Amino acid sequence: MKAKRLFEILAIVLIALVIGVGSAVWVIDSFAKVQTIKDGAWTTHPLVGSVQANMYLRATIARIALFALSRTEALYYNAFTDEEGEPLRPECDYIIEGGDLPARWWSITAYDKDHFLIPNALNRYSYNMKNLRWDEQGRYKIYLSQTPKDLNWLPAAQQGTISITLRAYNPAQALAENMGSAELPRIMKVRCE
Amino acid sequence: MKRWSYRILATLALAAAFHVLTVMAFPRAIMVALSWKGKDLGQSSNVLYHQPRVTADSRVVVRPSPDLLYSVCAYDLSKAPLRISASVPDTYWSLSFFASNTDNFFVINDREVQANPADILLVGPAVSYKNPGNAQVVTSPSSRGVALIRILITDENRIEELTKIQRQASCSPVDQGL
């Protein structure tokens with residue numbers, strides 16, 4: 001009888017452990033994609049890096065943006081999808097099209113499914129406001145693709161999924177106070193193989 | 001029937017507790033895992049390590065910026081405060097501190113530093129200290145954490161020069177003799 005009782009308690013603890021830890025990991029992974037500010041394909045949260053972050057945001061930042069700075073110093077916008085809400089896939093070509101941002105310096109970086117830089121022969125992982133090729137209207141287009149392009153080519157991963165981070169260091173005060181006010185670049189799918 | 005209801009309720013209550021504990025412990029667990037990785041690489045606390053430029057082979061910290069040079073110091077203030085000294089370049093530079101739960105509780109950049117080299121004394125929570133000079137004093141909410149210096153690479157031709165500046169930074173415990 002005692003053995004049966006012990007087995008019941010162990011079973012309850014084990015099932016609870018699987019549900020509790022599993023749901024925590026799932027929420028931490030999912031929270032990154034449903035943060036409070038959404039602009040086109042981009043998501044972010046005003047309390048990234050802040051001491052006021054709640055436990056879910058803090059865990060998410062530890063998972064995908066460890067050592068992120070608070071918003072007075074830097075803003076981080078992440079994109080896991082294109083403008084249509086479809087996940088960024090390596091077999092597709094994308095154009096990231098935008099203009100200047102009110103910040104001292106900004107960059108756009110692509111990552112693989114593990115949140116690390118995408119290996120490529122050119123060691124080209126990002127573009128920033130200084131090394132982009134701009135057009136005469138003060139706009140730019142970055143080509144995210146597995147196939148080399150002549151201008152602003154950001155090599156895509158060979159497999160898995162892709163995500164993009166837009167960093168803006170020392171943002172203008174108006175942008176830091178209203179992170180949804182910037183005209184963020186659009187991520188448009190061109191074609192898929 | 002009643003007995004099964006109790007079992008289900010107990011399972012759900014325990015699952016909720018495990019859920020909250022996991023989420024709360026996750027950031028600290030990541031910091032502990034990072035310190036283990038550092039120890040595997042022969043790195044110690046209270047020493048500033050200058051990282052080479054980030055590439056696709058850099059797989060310690062997720063989502064690094066390839067446009068920055070990083071220097072990292074995992075600190076332990078339980079025995080003594082830490083003094084951080086760093087030359088500040090004419091490009092974006094920042095020194096930031098992260099508590100053991102990953103909160104960014106302090107950051108200062110090249111436009112805000114009071115002197116060059118920057119001179120910061122990081123002290124533990126609720127401890128008395130002596131400032132050995134005119135260092136700016138910052139109090140960490142936890143005894144352990146991470147100090148991180150970022151230097152922006154504005155031009156590929158400046159990497160050698162910026163790397164030299166990066167390597168002039170240091171962090172070291174301050175003997176208090178109290």
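Panel note: the C-alpha atoms of region B:106-178, placed on their principal axes, show extents of 47, 22, 20 Å (largest first).
Considering all different alpha carbon pairs of the protein assembly as shown, the Kirkwood hydrodynamic radius works out to 22.5 Å. Across every direction, the projection of the convex hull enclosing the Cα atoms of region A:79-157 has a mean area of 5.8 nm².
In chain A, taking the dipole from charged Cβ atoms about the Cα centre, the farthest positive-side position among A:P90, A:V51, A:H115 is held by A:V51. Using a probe of 1.4 angstrom and keeping all protein chains present, the accessible surface of the protein assembly as shown works out to 49 square angstrom per residue. Relative to the longest principal axis of the Cα atoms of chain B, helix B:2-40 runs at roughly 20 degrees. Only the Cβ atoms of Lys and Arg (+1) and of Asp and Glu (-1) were treated as charged; on that basis the dipole of region A:44-193 about its Cα centre amounts to roughly 400 debye. Put a plus charge on the Cβ of each Lys and Arg, a minus charge on the Cβ of each Asp and Glu, and nothing anywhere else: the dipole of region B:47-117 about its Cα centre is then about 180 debye.
Taking the accessible area of the protein assembly as shown, probe 1.4 Å, and keeping the other protein chains in place, the carbon and sulfur fraction comes to 57%. Charged side chains reduced to their Cβ positions (Lys and Arg at +1, Asp and Glu at -1) give the protein assembly as shown a dipole of some 1740 debye around its Cα centre. The residue among A:N128, A:V13, A:Q173 whose Cα reaches farthest toward the positive pole of the charge dipole of chain A, with charges on the beta-carbon of Lys, Arg, Asp and Glu, is A:V13.
Adding -39500 (n - 2.57) for every DSSP H run of four residues or longer, then dividing by how many residues chain A holds, sets the calculated 222 nm ellipticity at -7500 deg cm²/dmol. Computed with a 1.4 Å probe on the full set of protein chains, the accessible area for A:K4 sits at about 120 Å². Histogrammed with a bin width of 10 Å, the alpha carbon distances of chain B distribute as 9, 32, 30, 14, 7, 5, 2, 0 percent, first bin at zero. Placing a label point 7 Å from the Cα of A:S23 along the Cα-to-Cβ line, the residues of region B:1-15 whose backbone N sits under 18 Å from it are B:5-15.
Diffusion of region B:73-153 by Stokes-Einstein, at 4 °C in a medium of 1.567 mPa s and with Rh set to the Kirkwood radius over alpha-carbon pairs, works out to 101 µm²/s.
Given a Förster radius of 30 Å and the C-beta distance between B:Q168 and B:S128 as r, what FRET efficiency does 1/(1 + (r/R0)^6) yield to the nearest 0.05? Once the sixth-power term is evaluated, E becomes 0.50.
The translational diffusion coefficient of region A:7-142, from Stokes-Einstein at 25 °C and 0.890 mPa s with a Kirkwood hydrodynamic radius over alpha carbon pairs, comes to 140 µm²/s.
The values are calculated or read from the model by the stated rules, or taken from the named source; none is laboratory data. Here the structure is a predicted model, which means the values were calculated and not measured. Methodologically, a virtual Cβ is constructed for each residue, glycine included, from the backbone with ideal geometry; neighbour enumeration extends over all protein chains shown. The protein model used for the area step is the full one, side chains on, heavy atoms only, and it has no ligands, DNA or RNA in it. Shrake-Rupley method; radii C 1.70, N 1.55, O 1.52, S 1.80 Å.
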